[in-house]
Amino acid sequence: VRLPSTPQTLVDFSLLLRVNKKTIVRVLRTLGESLSYKIANQDSYKIDVEMMELICIELGIEPTKTEKKMSVLEEAEKRAMRQARDASLGDEAKTEEEERYAALP
(Lines give C-alpha, C1' and ligand atoms only; values in the text may rest on other atoms or scores of the structure.)
Protein backbone atom coordinates (compact mmCIF):
# COMPACT_ATOMS: atom_id res chain seq x y z
CA VAL A 1 0.00 0.00 0.00
CA ARG A 2 1.28 3.45 -0.89
CA LEU A 3 0.88 5.66 2.18
CA PRO A 4 0.10 9.36 1.78
CA SER A 5 2.60 11.95 3.00
CA THR A 6 0.04 13.70 5.24
CA PRO A 7 -1.88 12.50 8.32
CA GLN A 8 -5.22 10.83 7.59
CA THR A 9 -8.51 10.42 9.43
CA LEU A 10 -9.56 6.97 10.59
CA VAL A 11 -12.20 6.75 7.86
CA ASP A 12 -9.78 7.69 5.07
CA PHE A 13 -7.10 5.34 6.36
CA SER A 14 -9.52 2.42 6.70
CA LEU A 15 -10.72 3.00 3.13
CA LEU A 16 -7.13 3.09 1.90
CA LEU A 17 -6.30 -0.21 3.60
CA ARG A 18 -9.74 -1.75 3.00
CA VAL A 19 -9.80 -2.70 6.68
CA ASN A 20 -12.61 -2.23 9.19
CA LYS A 21 -12.27 0.91 11.34
CA LYS A 22 -12.62 -1.11 14.54
CA THR A 23 -9.64 -3.24 13.51
CA ILE A 24 -7.49 -0.12 13.09
CA VAL A 25 -8.62 1.21 16.50
CA ARG A 26 -7.75 -2.15 18.06
CA VAL A 27 -4.26 -2.03 16.49
CA LEU A 28 -3.82 1.58 17.68
CA ARG A 29 -4.61 0.43 21.22
CA THR A 30 -2.15 -2.45 20.87
CA LEU A 31 0.52 0.07 19.83
CA GLY A 32 -0.08 2.09 23.00
CA GLU A 33 -2.56 4.74 21.88
CA SER A 34 -5.25 5.25 24.53
CA LEU A 35 -8.35 6.26 22.62
CA SER A 36 -11.97 5.28 22.38
CA TYR A 37 -13.73 4.36 19.16
CA LYS A 38 -15.86 7.51 19.49
CA ILE A 39 -12.80 9.81 19.64
CA ALA A 40 -11.00 7.98 16.81
CA ASN A 41 -14.05 8.23 14.56
CA GLN A 42 -14.15 12.05 14.72
CA ASP A 43 -12.82 14.05 11.79
CA SER A 44 -10.48 15.98 14.09
CA TYR A 45 -8.53 12.81 14.98
CA LYS A 46 -5.67 12.26 12.52
CA ILE A 47 -3.31 9.30 12.30
CA ASP A 48 0.22 10.48 11.53
CA VAL A 49 2.39 8.94 8.82
CA GLU A 50 4.69 6.99 11.19
CA MET A 51 1.69 5.50 13.02
CA MET A 52 0.08 4.55 9.69
CA GLU A 53 3.29 2.73 8.80
CA LEU A 54 3.28 0.83 12.12
CA ILE A 55 -0.39 -0.09 11.70
CA CYS A 56 0.32 -1.51 8.24
CA ILE A 57 3.18 -3.60 9.60
CA GLU A 58 0.99 -4.90 12.44
CA LEU A 59 -1.69 -5.88 9.92
CA GLY A 60 0.82 -7.61 7.65
CA ILE A 61 0.53 -5.00 4.90
CA GLU A 62 3.67 -3.75 3.15
CA PRO A 63 3.72 0.07 3.50
CA THR A 64 5.39 2.32 0.96
CA LYS A 65 5.79 6.04 1.66
CA THR A 66 5.06 8.53 -1.08
CA GLU A 67 7.50 11.33 -1.56
CA LYS A 68 6.28 14.75 -0.57
CA LYS A 69 5.89 16.94 -3.63
CA MET A 70 7.36 20.41 -3.62
CA SER A 71 4.86 23.20 -3.20
CA VAL A 72 4.47 25.88 -5.83
CA LEU A 73 6.27 28.31 -3.52
CA GLU A 74 9.23 25.93 -3.07
CA GLU A 75 9.49 25.42 -6.83
CA ALA A 76 9.42 29.18 -7.46
CA GLU A 77 12.07 29.74 -4.80
CA LYS A 78 14.30 27.07 -6.33
CA ARG A 79 13.86 28.59 -9.79
CA ALA A 80 14.69 32.09 -8.47
CA MET A 81 17.83 30.79 -6.75
CA ARG A 82 18.89 29.04 -9.96
CA GLN A 83 18.34 32.20 -12.01
CA ALA A 84 20.31 34.31 -9.53
CA ARG A 85 23.16 31.78 -9.61
CA ASP A 86 23.12 31.69 -13.42
CA ALA A 87 23.27 35.47 -13.62
CA SER A 88 26.30 35.54 -11.35
CA LEU A 89 28.13 32.87 -13.40
CA GLY A 90 27.91 34.63 -16.71
CA ASP A 91 27.23 33.00 -20.06
CA GLU A 92 30.73 31.56 -20.64
CA ALA A 93 30.67 29.37 -17.50
CA LYS A 94 27.28 27.72 -18.12
CA THR A 95 27.10 24.02 -18.83
CA GLU A 96 24.68 22.49 -21.29
CA GLU A 97 22.35 21.43 -18.46
CA GLU A 98 22.35 24.92 -16.96
CA GLU A 99 21.46 26.40 -20.35
CA ARG A 100 18.47 24.04 -20.58
CA TYR A 101 17.35 25.08 -17.10
CA ALA A 102 17.74 28.72 -18.00
CA ALA A 103 15.44 28.24 -20.98
CA LEU A 104 12.66 26.87 -18.76
CA PRO A 105 9.83 29.23 -17.75
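Please check: in the Gaussian network model of the chain (C-alpha springs, under 10 Å), which one of 12, 48, 86 has the largest mean-square fluctuation.
Answer for the Gaussian network model of the chain: 86.
Within 10 Å of each candidate Cβ there may be at most 14 other Cβ atoms; applying that plus a DSSP loop requirement, which trypsin sites (Lys or Arg not before Pro) in the range 15-49 survive?
Loop-located and lightly packed - 18.
Report in % the part of the accessible area of the chain that belongs to carbon and sulfur, leaving out ligands and nucleic acids; probe 1.4 Å.
It is 51 percent, rounded to a whole number.
If amide hydrogens are placed 1.01 Å from N in the peptide plane, which non-local residues have theirs closer than 5 Å to the one on residue 65?
3
Given the chain, what count of lysine pairs have C-alpha atoms under 22 Å apart, with each pair 8 or more places apart or on different chains?
Summing the qualifying lysine pairs gives 12.
So what does log10 I(q)/I(0) come out to for the chain at q = 0.17, 0.19 Å⁻¹, using the Debye formula with one equal point on every Cα and no solvent?
Log10 of I(q)/I(0), two decimals: -0.75, -0.88.
The values are calculated or read from the model by the stated rules, or taken from the named source; none is laboratory data. None of the values given here were measured: they were computed from a predicted structure. Neighbour counts run over all protein chains shown; Cβ positions are idealised from the backbone, glycine included. The area values use the complete protein model at the heavy-atom level, side chains included, leaving out ligands, DNA and RNA. Shrake-Rupley method; radii C 1.70, N 1.55, O 1.52, S 1.80 Å.
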